[in-house]
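No lab work stands behind these numbers, since they all come straight from the coordinates. Bear in mind the structure is a predicted one, so any value in this text is a computation, not a measurement. A quick note on method: Cβ atoms are made from the backbone with ideal geometry, for glycine too, and the neighbour counts reach across all protein chains shown.
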């Protein structure tokens with residue numbers, strides 16, 4: 001029961017993170033190309049995205065190490081996990097790439113703060129935020145999501 005609730009929350013939170021990502025991307029690119037001044041709203045957009053990613057990471061770690069069988073499966077038979085593409089995706093690829101995405105989300109926030117000019121803040125934020133969002137888009141299991149069959153088809157064409 002707790003596993004199902006946590007997994008459902010993790011799935012719903014994915015959409016929250018994607019909405020926060022779109023908003024943050026809009027803020028940094030509008031500021032960069034619109035030659036705007038860096039504002040508290042721009043800082044918060046990056047921070048809220050990073051916080052959303054942190055919540056996702058915590059839910060994922062709970063599913064991975066506490067509530068699910070992933071950790072036991074990997075420690076008892078890693079060869080079986082690696083030979084099955086579906087298991088490998090969730091046990092290794094999804095976990096690794098999402099961890100990188102979380103790190104990049106925080107780097108975006110930190111590097112934006114460190115920019116010496118408004119343009120540098122927007123540029124730094126845009127670079128690392130874009131890398132983080134791309135990592136998220138790569139690591140989401142699109143093909144198993146019935147709401148996005150068109151996007152899954154497009155990705156499978158290129159993959």
Which shape class applies to segment 1-53: rounded if a/c is under 1.5, otherwise prolate when a/b exceeds b/c and oblate if not, where a ≥ b ≥ c are the square roots of the Cα gyration tensor eigenvalues? prolate
When 85, 109 are ranked with the fewest other C-beta atoms within 10 Å first, the list becomes 85, 109
Hey, can you rank 55-61, 19-25 by average C-beta count inside 10 Å, highest first? 19-25, 55-61
Anisotropy class of segment 31-123 from Cα gyration tensor, a/c 1.5 cut: prolate
What Kirkwood hydrodynamic radius, in Å, does segment 2-158 give when the mean of 1/r is taken over all pairs of distinct Cα atoms and then inverted? 16.7
Would you mind ranking 33, 128, 95 so that the residue whose beta carbon has the fewest other beta carbons within 10 Å leads the list? 33, 95, 128
Can you put 38, 15 in order, fewest other beta carbons within 10 Å first? 15, 38
Suppose the chain between residue 67 and residue 36 were pulled fully straight at 0.36 nm per residue; how much longer would it get relative to their current alpha carbon spacing? 6.6 nm
